[in-house]
Amino acid sequence: MSRNTLVLIAAAGSAALLIGALGFQYIGGLPPCKLCYWQRYPHVVAVLIGAAALLLPGRILPLLGACAALATAGVGLYHTGVERGWWEGPTTCTSGPIGGLSTDALLDQIMAAPLVRCDDIAWELLTLSMASWNALASVALALIWIAAARR
């Protein structure tokens, strides 16, 4: 396969994983946790790198694509460990600024927010969670990126 074909496959793989995550969120009703969001960012970067790599020759961009894929695989592995109780996850939640809100308005905002914990497995297939599947798929994508860099 040509370099550009491999780049297209790798970038499309990241795009497909992003679309899948958004589908689970907006169609499946599974709101993401903090670690789920962290897994999405490198996929966005990989898609952008893929677009640039289709226009520009060289090995640097495919290697950066591999780094992005390995970054999301690493976060996916970390998230899997949190879900399985192998190690502790983040102890903080993200929130916006609360300035200017009354106590009642703040309480209403807190009560309306979905409770999403990083250590709960919201969905699994063949005993693997979404984080686990993301880690496995992302390692495969990293290998495709590396093959593109070698062309």
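List of remarks:
- In segment 83-107, residue modelled with the lowest pLDDT [restricted to those that are in a helix (DSSP H, G or I) and surrounded by fewer than 21 Cβ atoms within 10 Å (Cβ to Cβ)]: LEU106
- For segment 36-54, a tally of residues being of a type in the set (Val, Ile, Thr) and farther than 15 Å from ILE19 by Cβ returns 2.
- ALA66 being small (Gly, Ala, Ser), surrounded by 15 or more Cβ atoms within 10 Å (Cβ to Cβ) and touching a residue at least 12 places away in the same chain (Cβ under 8 Å): yes
- Note on segment 8-31: residues that are of a type in the set (Phe, Trp, Tyr) and either under 11 Å from the mean Cα position of the chain (by Cα) or surrounded by 15 or more Cβ atoms within 10 Å (Cβ to Cβ) (or both) amount to 1.
- Of the set (1) out of contact with any Phe, Trp or Tyr (no Cβ under 9 Å at 6 or more places or on another chain); (2) modelled with pLDDT of 80 or more; (3) not in a helix (DSSP H, G or I), all apply to GLY74 but (3).
- Restricting segment 1-51 to residues that are polar (S, T, N, Q) and in contact (Cβ under 8 Å) with a residue 40 or more places away in the chain, the residue that is nearest to ASN134 (Cα to Cα): GLN39
Every residue, every condition in (1) crowded, with 20+ Cβ neighbours inside 10 Å; (2) modelled with pLDDT under 95, yes or no:
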position: THR5; (1), (2): no, no
position: CYS33; (1), (2): yes, yes
position: CYS36; (1), (2): yes, yes
position: PRO42; (1), (2): yes, no
position: LEU48; (1), (2): no, no
position: PRO57; (1), (2): no, yes
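- Segment 69-81, residues that are buried (at least 21 other Cβ atoms within 10 Å of the Cβ) and over 10 Å from the mean Cα position of the chain (by Cα): HIS79, THR80
The values are calculated or read from the model by the stated rules, or taken from the named source; none is laboratory data. Bear in mind that the values here come from a model prediction, so they are computed numbers and not experimental data. Every residue, glycine as well, gets a Cβ built from its backbone with ideal geometry; the counts of neighbours run over all protein chains shown.
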